[in-house]
Amino acid sequence: MVEQTCIRCKKTFPATAEYFNRTKAAKSGLYAYCKACSKEKVQEWQRNHPERMQEYRRKARATDPDRVKGYSRTHRERKKAKLEQLLKEKDARIAELEAQLNALREVTT
Ligand SMILES: [Zn+2]
């Protein structure tokens, strides 16, 4: 069975989608980080970028329903959910790019 070692926790898992997220960018088709580490990377990024999270919360407050008339609650909720989803995807993408970069560095050094 083909195995892959996570570049973060250095644990070896079977190289399947059960242990590694899939990515088209990597040769193996799998992330260099195991699933657990991928999740941690995103949380780590959020911890390391509190100003981004603060900015996000500030913007969310700016769309306060009591101040913005004619802005329906459902519309706002939908928009909020969409923005949160986009942010999550962006964080995951950043973590993915970092993982790819680290993987490349491992190869060249
Ligand atoms: Zn790992």
(request) Would you check if Tyr56 is more than 16 Å from the ligand (Cβ to nearest atom) and surrounded by 12 or more Cβ atoms within 10 Å (Cβ to Cβ)? (result) yes
(request) Kindly provide the set of residues from the range 28-40 that are among the charged types (D, E, K, R) and near the ligand (Cβ under 9 Å from one of its atoms), ordered by number. (result) Lys35, Glu40
(request) Given the conditions (1) more than 16 Å from the ligand (Cβ to nearest atom); (2) within 14 Å of the chain's Cα centre (by Cα), report the number of the one that Asn21 does not fulfil. (result) (1)
(request) Can you run down the residue pairs with Cβ atoms below 6 Å, 6 or more apart or on separate chains, where the first is in the range 37-49 and more than 13 Å from Leu87 (Cβ to Cβ) and the partner is within 13 Å of the ligand (Cβ to nearest atom) and of a type in the set (A, V, I, L, M, F, W, C)? (result) Cys37/Cys6; Cys37/Cys9; Lys41/Ala95
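Every number in this text was worked out from the coordinates using simple rules, so none of it is lab data. The shown structure was predicted, so the numbers you read here are calculated from the model rather than taken from an experiment. Using ideal geometry, Cβ is built from the backbone for each residue, glycine included, and neighbour counts are taken over all protein chains shown.
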